[in-house]
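What follows is a single structure, written as structure tokens, with notes after it.
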2 protein chains.
Amino acid sequence: MSRPFQRIAIVGMGLIGGSIGMALYQGKIAEEVVGCDLNVESLDLALSTKAAHRVEKDIVKAVKDAEMVILATPVRTYPSIVKAMKDHLEVGAIVTDVGSTKSWVVKELETLLGDDNPFVGGHPMAGSEKKGMEGADRYLLENAVYVLTPHDRTCRKALEKVKSMVQALGARSLVLSVEEHDKMVAMVSHLPHMVAVALVDTLGEVTKEHPSVTMLAAGGFRDTTRIAAGDPQMWYDIACTNRNLLVEKIDHFQSLLEKLKREILTCGQTIQGTEEPLKVRLQKARDLRLSIPGKAKGLLPGIHEVIVTVPDRPGMIGHMARLLGDQGINIADIEILRVREGDGGTIRIGFYQAHEAEKALQVLSQDGIIVKRC
Amino acid sequence: MSRPFQRIAIVGMGLIGGSIGMALYQGKIAEEVVGCDLNVESLDLALSTKAAHRVEKDIVKAVKDAEMVILATPVRTYPSIVKAMKDHLEVGAIVTDVGSTKSWVVKELETLLGDDNPFVGGHPMAGSEKKGMEGADRYLLENAVYVLTPHDRTCRKALEKVKSMVQALGARSLVLSVEEHDKMVAMVSHLPHMVAVALVDTLGEVTKEHPSVTMLAAGGFRDTTRIAAGDPQMWYDIACTNRNLLVEKIDHFQSLLEKLKREILTCGQTIQGTEEPLKVRLQKARDLRLSIPGKAKGLLPGIHEVIVTVPDRPGMIGHMARLLGDQGINIADIEILRVREGDGGTIRIGFYQAHEAEKALQVLSQDGIIVKRC
């Protein structure tokens, strides 16, 4: 069977570009995936990890005869890249991107590309605190929401082609207007990033006085600030290209934090019989947070889990996995929750089907393993 | 061999109290662990999950003849609990607690307890977004930092007894002054919590206009706000009892976020040749964040990892685990990174020793499995 695309070029073999390359290569959607980057090491790695069939440092060679070009470099580099490749694109070749802001990008690139090459803005909602081609992963975009931002004048055929590429990645297309997209990501992505940066900043000032404070940073602080380890260049570009909506959200956030602070200052002083505002706010935040779908659970089929407690010795996981495998029960997810060498551990095992979890419960407990549903 | 304690009573069989009970029960440090709670279901669960040898709803019965009483209820309930049990404590029985703030607690309880019963403030630096006895876990405090806040007048013998209890939990004692403790936790725990609450609040207001915004909340937002799902009552008590230091930290954080906001507003406008302040701040935040020890890695022995990519079918994990177990290689940690039913997955496997990881690399690749060191 012939493949839907003859040639797709990816410009920028970093975390996202590399992951897309791997998924397209394995998804067999194109006869040839061409990877382009200025960094020769990234290109070598792209070849050896099968993120591209061919690699090119030269953008003109990379985009030659490609039906689709995917821009996966920091957004502020797009204009110079498009200027360099523009005259070498096939007429009708589709250009798309993976950048985190869309208003600025769509306006700039449509102007530069003119009528010969349709542009469809894209933004896969997945990432990692890892940087570069080393962090690329064939499954990074699996089940992720992949936003596309066409408008009235966007060529429908081009949109359909980009959708088919997204489908080949195993991701889910979601069409939004550029304005909707930029507002939403300012909320769910750019604001949390800047908040995490400011939190780490605050810790930095406290460590000057109390160097041991990082020892006390339990899971809560680490989780809250994990994203602050993201690529500074990328986040700089995001801040610059979504400046107004981001600053609006920071203002919004600050006013709510200010309210919360005032409630803390007066807590315990409420008139009898009325609900304390701080309690109400904490409860509401808990409820809303719990309503947000957990790790991939909103997108993956529901996971049914059991928790086992086992001694920590060679072969224990293998032993359990074998018991389950022998019964044809597939482990969808496994996580070692806590373990101390030579003592024991708590392990969470997830299954796609409820009846698999039930069966696992039986099989494991019959073997004398401490196990419960959760 | 006789056990170090005859009887330890835990007041409050929730997440922490229950986890302590399980660890002390299994650690065989006391002849009897007594669990006390007003909630009968929690007591039943405590018995059935071996978090206590005996349970009591009545505090007087619970603390009778106990050598140590561990308070594990929300901190603002301590005074009434201490008043109720005070006249029924053995002279010399040690009282300790697990509360997240210390200045207020130590002052209140020492006044109430007087000279007959030494008090040692404690705070295990571990938690979970799960609530109550259902979330209790024998390994929750394993390898956690457990802060103790004695002062000049604290009885040394009582401190040593509490330290031996902490050791039996598998946690690590860290002695700090109450002031140091309260400042540090305001930074690493209470501030991040209030920031997460304000972020969720902001999202709540945005969802009114854009209900689908939560669909876009990728890992970043979820991680940053996970702690906002914590117990509202507990966090209310924390805010009230560490009010001034917490508000000080919120102000500190707000001023740094304000600086960051101004840098975003002027980004791209820096005079040629000087470093853009926003870039510098993002880079510094990344560097500092990366310097914070990862999940338990600061406390556990170093973990050496390999990454494997395998088809997702029944028995694959068992097959790999068996290959490793047959060679006497112990899996210290395993995590399924990404998986799609019927396709394949990326799995991270951790080992305590570098040579185990090397050997695993050999064994797995000889079996035709795609594997790399990471």
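The values are calculated or read from the model by the stated rules, or taken from the named source; none is laboratory data. Source: prediction; values computed, not measured. Note that we place each Cβ from the backbone using ideal geometry, even for glycine, and neighbour counts take in every protein chain shown. Each accessible area value is taken on the protein alone, full model and side chains, heavy atoms only, with ligands, DNA and RNA left out. Shrake-Rupley method; radii C 1.70, N 1.55, O 1.52, S 1.80 Å.
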Rounded to a whole number, what % of the accessible area of the stretch A:38-161 do carbon and sulfur atoms account for, probe 1.4 Å? 50 percent
Long-range Cα-Cα pairs in the stretch A:94-151 (distance over 18 Å), rounded percent: 42 percent
Straight-line reach only, C-alpha to C-alpha below 13 angstrom: list the aspartates and glutamates that B:K102 could link to, leaving out same-chain residues fewer than 8 apart. B:E110, B:E179, B:E180, B:D182, B:D237
What is the distance, in nm, between label points placed 7 Å from the Cα along the Cα-to-Cβ direction at B:Q362 and at A:S80? 4.8 nm
Over the alpha-carbon set of the protein assembly as shown, divide Rg by the Kirkwood Rh and report the Rg/Rh ratio to two decimals. 1.00
Determine which lysines satisfy two conditions relative to B:K359: a Cα distance under 28 Å, and not lying fewer than 8 residues away in the same chain. A:K50, A:K130, A:K131, B:K295, B:K297, B:K372
Direction-averaged shadow area of the convex hull around the Cα atoms of the stretch A:46-131, nm²? 6.1 nm²
Please list, in chain and number order, the residues 5+ apart from B:G132 or on another chain whose amide H is under 5 Å from its amide H, with Hs placed from the backbone. B:L15
Determine how large the accessible area of A:D326 is when every protein chain is in place; take a 1.4 Å probe and give Å² rounded to the nearest 10. 120 Å²
Mind checking the stretch B:44-74 for trypsin sites (Lys or Arg not before Pro) that DSSP puts in a loop (not H, G, I, E or B) and that have at most 14 other Cβ atoms within 10 Å? B:K50, B:K57
Cα-based Rg then Dmax for the stretch B:5-176, in Å, read 14.2, 41
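Can you tell me how much longer the chain between A:E205 and A:E90 gets when fully stretched, taken as 0.36 nm per residue apart minus their C-alpha distance, in nm with one decimal?
That pair, A:E205 and A:E90, stretches by 36.0 nm at full extension.
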Counting only protein heavy atoms with a 1.4 Å probe and every protein chain in place, the carbon and sulfur fraction of the accessible surface of the stretch B:181-291 in whole percent equals 52 percent
The answer for the stretch B:181-291, accessible area per residue at 1.4 Å probe in Å², is 37 Å²
Set of lysines near B:K259 by C-alpha distance (under 24 Å), chain-local residues within fewer than 8 positions excluded: A:K183, A:K208, A:K249, A:K259, A:K261, B:K183, B:K249, B:K279, B:K284
Helix A:243-265 axis, angle to chain A major axis (alpha carbon atoms, nearest 10°): 10 degrees
Let me cross-check B:M184: its accessible surface, 1.4 Å probe, with only protein heavy atoms counted, in Å² to the nearest 10? 0 Å²
Mean separation of Cα pairs under 8 Å and 6+ residues apart, divided by the residue count of the stretch B:5-176: what relative contact order is that in percent? 24 percent
Any idea what the A:P79 label distances to the other copies are, label 7 Å down the Cα→Cβ vector, nm, shortest first? 6.4
Output row for B:R262: copy-to-copy label distances, label 7 Å along Cα→C-beta, ascending, in nanometres, one decimal, is 2.4
Accessible area, probe 1.4 Å, largest first, for residues A:K359, A:K208: A:K208, A:K359
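Let me make sure I get this right: for chain A, a, b and c are the square roots of the gyration tensor eigenvalues over alpha carbons, sorted descending. Under 1.5 in a/c it's rounded, otherwise prolate if a/b > b/c, else oblate. Which is it?
Judged from the Cα gyration tensor, chain A comes out oblate (a/c at least 1.5, b/c at or above a/b).
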Cα-based shape type of the stretch A:181-291, given that a ≥ b ≥ c are square roots of the gyration tensor eigenvalues and the cut on a/c is 1.5: oblate
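Is the shape of the stretch A:138-180 rounded, prolate or oblate, going by the alpha carbon gyration tensor and its root eigenvalues a ≥ b ≥ c, with a/c under 1.5 for rounded and a/b larger than b/c for prolate?
Working: a/c = 3.86, a/b = 1.59, b/c = 2.43.
Cα axes put the stretch A:138-180 in the oblate bin.
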Sequence ranges B:84-97, A:29-42, ranked by mean other-Cβ count within 10 angstrom, highest first: A:29-42, B:84-97
What nm distances, shortest first, do you get from the label point of A:Q362 to those in the other copies when the point sits 7 angstrom along Cα to Cβ? 4.2
Normalising by the residue count of chain B, find the relative contact order in percent from Cα pairs under 8 Å and 6+ residues apart. 12 percent
Probe radius 1.4 Å, ligands and nucleic acids left out: can you give me the accessible area buried at the A-B interface, summed over both chains, in Å² to the nearest hundred? 12000 Å²
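Averaged over B:245-255, how many beta carbons belonging to a partner chain fall within 10 Å of each residue's beta carbon? Mind showing how you got there, number by number?
Working: counts 0, 3, 4, 0, 2, 7, 2, 5, 10, 7, 3.
For peptide B:245-255, the averaged partner shielding equals 4.
For the stretch A:181-291, what is the charge dipole size about the Cα centre, in debye to the nearest 20, if Lys and Arg each add +1 at the Cβ and Asp and Glu each add -1 at the Cβ? Intermediate values should be presented prior to the final figure.
Details: 14 positive and 14 negative charges, 60 e Å.
Once rounded to the nearest 20, the dipole reads 280 debye.
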Largest-first ordering by accessible area, 1.4 Å probe, given options A:V55, B:V195: A:V55, B:V195
As a test of reading the structure, rank A:I334, B:I370 by solvent-accessible area (1.4 Å probe, protein chains only), most first. B:I370, A:I334
Along the Cα→Cβ direction, 7 angstrom out, place labels at B:L38 and A:K28. What is the inter-label distance in nm? 6.5 nm
So what's the back-of-envelope 222 nm ellipticity for chain A, counting only DSSP H runs of four-plus at -39500 (n - 2.57) apiece and dividing by all residues, rounded to 500? -13500 deg cm²/dmol
Take the Cα atoms of the stretch A:156-197, find their three principal axes, and give me the spread along each one in whole Å, biggest first. 39, 22, 11
